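*Asks:* Let me begin by handing over the structure; questions about it come next.
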Amino acid sequence: MTPRFSVNALSKLAFDLLCSAGLPAPRARVHADTLLEADLLGHDTHGLALLPAHLNELVSGGMARDGEPEVISDRGACVAWDGKRMSGPWLVSQATDLAIERARRYGTCTIVIARTHHIACLAAFLRRVTDQGLMMLVMSADPCNENVAPHGGKVGVVSPNPIAAGIPTQGEPILIDVSTSITTNGMTQRLQAEGKRFPGEWLVDADGQLTNDPNAMFAQPKGALLPLGGLQSGHKGYALSLLVEALTNGLAGHGRVKPREGWGGTAFIEVFDPDAFGGGTEFLRETTHLAELCRASTPRDPTHPVRMPGEAAAQRKARQLHAGVALYPTILPAIRPWAEKFRVELPQPLP
């Protein structure tokens, strides 16, 4: 059985290690909580699995430890920041708080952040908005990553470019978090390290041949991930990826044209107040009715009823908050060298 760990113990572990690597305590708390939230929701390639790499970036200087974002433009409902390569989770958290405040005032607020560091799991930011009856869009791209081929191509051009959305209802919110590529960099690295393969031919090798072997991404010359939809319908994922590129790198004015600075990203955050449009009560009535219609749809497989995006993640989080977090087996061993380096005690599994 997969060992489970106390939520508080894992939170303390991440916080202590981030502080030891030089991240100020308030930022370390936000960063740690964001990573842990990903594991609670089941996005375990974008949670504590990222902690060793983030610690390495802090120690090496790839991630800035302190400072404040530079305001490039502020027109009230439209804001642009230069994140100066600071903690991605902290920057997006700060931007989300500002976007909530401005959306209450203007009806909507859009914030783009150039030069963030990696922002981890997009779904981790959604509940803080939907719990206030607001709707959120968040997207990210990494201008230094070229792992995803355009539809019809065999050489990578863009990053996986995820899109997330939080939509409140009268019950549980609809929580969407999908990459515009058929899979993620994190999953590719995990399967390659474990000697496993993808369940389908989700990549092309350097010769343009379809493959399910993640080693194609580590060969020289390397292959590329396919856009969402794969070979047959990848034009859809490709189109969405270009939209993300425009809303992140394009609006931020900093992307693939600029000199490369290493692993990082550009973020797009938008918050809507339904009261400024057709009305909050009406909005919730519509979203709730839509969710009810979807759940009532006759399932193709009677043993698997239709569910809403984010529903399984919310159930998983509730279970793990109660019974402990079932960490993916490779996560704690990867953290162990950092715990030894900073003399931070690793948590023990729950009995």
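The values are calculated or read from the model by the stated rules, or taken from the named source; none is laboratory data. Given the structure is predicted, the values throughout are model-derived calculations rather than measurements. Every residue, glycine as well, gets a Cβ built from its backbone with ideal geometry; the counts of neighbours run over all protein chains shown.
*Asks:* Among the listed residues GLN170, GLN192, which satisfies the condition of being in contact with a helix residue (DSSP H, G or I) (Cβ under 6 Å, 6 or more places away or on another chain), assigned by TED's automatic domain parsing to the domain that holds ALA49 and either more than 22 Å from GLY250 (Cα to Cα) or not acidic (Asp, Glu) (or both)? Walk me through it before giving the result.
*Replies:* Values: GLN192 fails: assigned by TED's automatic domain parsing to the domain that holds ALA49.
Going through GLN170, GLN192 in turn, the sole match is GLN170.
*Asks:* Condition first: loosely packed, with under 14 Cβ neighbours inside 10 Å and in a helix (DSSP H, G or I). Now tell me which residues in the stretch 220-232 satisfy that. Even if it seems obvious, please write down each step before you answer.
*Replies:* If we filter the stretch 220-232 for residues that are loosely packed, with under 14 Cβ neighbours inside 10 Å, which is where we start, we get 220-221, 232.
GLN232, the sole residue that qualifies.
*Asks:* Being in contact (Cβ under 8 Å) with a residue 24 or more places away in the chain and of a type outside the set (Gly, Ala, Ser) is true for just one of PRO227, PRO259. Which residue is that? Spell out the reasoning first.
*Replies:* Details: PRO259 fails: in contact (Cβ under 8 Å) with a residue 24 or more places away in the chain.
None of the others qualify; the one that does is PRO227.
*Asks:* For residues in the stretch 173-219 being among the β-branched types (Val, Ile, Thr) and outside any loop (DSSP other than H, G, I, E, B), which is nearest to ALA120 (Cα to Cα)?
*Replies:* Filtering the stretch 173-219 down to residues among the β-branched types (Val, Ile, Thr) leaves 174, 176, 178, 180, 182-184, 188, 204, 211.
Still in the running and outside any loop (DSSP other than H, G, I, E, B): 174, 176, 178, 188, 204, 211.
Numbers: ILE174: 20, ILE176: 15, VAL178: 13, THR188: 16, VAL204: 26, THR211: 27 Å.
Restricting to residues being among the β-branched types (Val, Ile, Thr) and outside any loop (DSSP other than H, G, I, E, B), the top hit is VAL178.
*Asks:* Within the bounds of the stretch 259-273, is there any residue that is surrounded by fewer than 18 Cβ atoms within 10 Å (Cβ to Cβ) and in a helix (DSSP H, G or I)?
*Replies:* For the stretch 259-273, residues surrounded by fewer than 18 Cβ atoms within 10 Å (Cβ to Cβ) and in a helix (DSSP H, G or I): absent.
*Asks:* Can you tell me which residue within the stretch 233-245, out of those that are within 18 Å of the chain's Cα centre (by Cα) and aliphatic (A, V, I, L, M), is surrounded by the fewest Cβ atoms within 10 Å (Cβ to Cβ)?
*Replies:* Going residue by residue through the stretch 233-245, those that are within 18 Å of the chain's Cα centre (by Cα) are 237, 240-245.
If we keep only those that are aliphatic (A, V, I, L, M) as well, we get 240, 242-244.
On the way: LEU240: 20, LEU242: 17, LEU243: 15, VAL244: 23.
By that ranking, first place goes to LEU243.
*Asks:* Search the stretch 313-331 for residues being touching a residue at least 40 places away in the same chain (Cβ under 8 Å), surrounded by 13 or more Cβ atoms within 10 Å (Cβ to Cβ) and assigned to a helix (DSSP H, G or I), and hand back the single one that is nearest to the chain's Cα centre (by Cα).
*Replies:* Only one residue tops the list, namely ALA313.
*Asks:* Still on this structure, I have one more. Condition test on ALA164, is it within 26 Å of ALA334 (Cβ to Cβ), modelled with pLDDT of 95 or more, touching a Leu at 6+ places or on another chain (Cβ under 6 Å) and surrounded by fewer than 24 Cβ atoms within 10 Å (Cβ to Cβ)? Outline the logic, then answer.
*Replies:* Numbers: within 26 Å of ALA334 (Cβ to Cβ): yes; modelled with pLDDT of 95 or more: yes; touching a Leu at 6+ places or on another chain (Cβ under 6 Å): yes; surrounded by fewer than 24 Cβ atoms within 10 Å (Cβ to Cβ): yes.
In short, yes.
*Asks:* I would also like to ask the following. Say we look at the stretch 127-161 and pick out the residues that are in a loop (DSSP other than H, G, I, E, B) and of a type in the set (A, V, I, L, M); which of these is surrounded by the fewest Cβ atoms within 10 Å (Cβ to Cβ)?
*Replies:* Residues of the stretch 127-161 that are in a loop (DSSP other than H, G, I, E, B), as a first pass: 131-134, 142-147, 149-157, 159-161.
Among the residues that remain, those that are also of a type in the set (A, V, I, L, M) are: 134, 149, 155, 157.
Values: LEU134: 24, ALA149: 23, VAL155: 14, VAL157: 17.
Per the criteria, the residue is VAL155.
*Asks:* Considering only the stretch 265-274, I want to know if a residue exists there that is free of Cβ contacts under 8 Å to residues at least 12 places away in the same chain, on the phi < 0 side of the Ramachandran plot and more than 21 Å from the chain's Cα centre (by Cα).
*Replies:* No, the stretch 265-274 contains no residue that is free of Cβ contacts under 8 Å to residues at least 12 places away in the same chain, on the phi < 0 side of the Ramachandran plot and more than 21 Å from the chain's Cα centre (by Cα).
*Asks:* Might you let me know whether the stretch 19-40 holds any residue that is within 23 Å of LEU346 (Cβ to Cβ), of a type in the set (S, T, N, Q) and either modelled with pLDDT under 95 or surrounded by fewer than 24 Cβ atoms within 10 Å (Cβ to Cβ) (or both)? I'd like the intermediate steps shown before the answer.
*Replies:* Of the stretch 19-40, the ones within 23 Å of LEU346 (Cβ to Cβ) are 19-23, 25, 27-40.
Going one step further and asking which of them are of a type in the set (S, T, N, Q), we end up with 20, 34.
Next, from what is left, pick out any that are either modelled with pLDDT under 95 or surrounded by fewer than 24 Cβ atoms within 10 Å (Cβ to Cβ) (or both): 20.
The answer is yes, given that some residue of the stretch 19-40 is within 23 Å of LEU346 (Cβ to Cβ), of a type in the set (S, T, N, Q) and either modelled with pLDDT under 95 or surrounded by fewer than 24 Cβ atoms within 10 Å (Cβ to Cβ) (or both).
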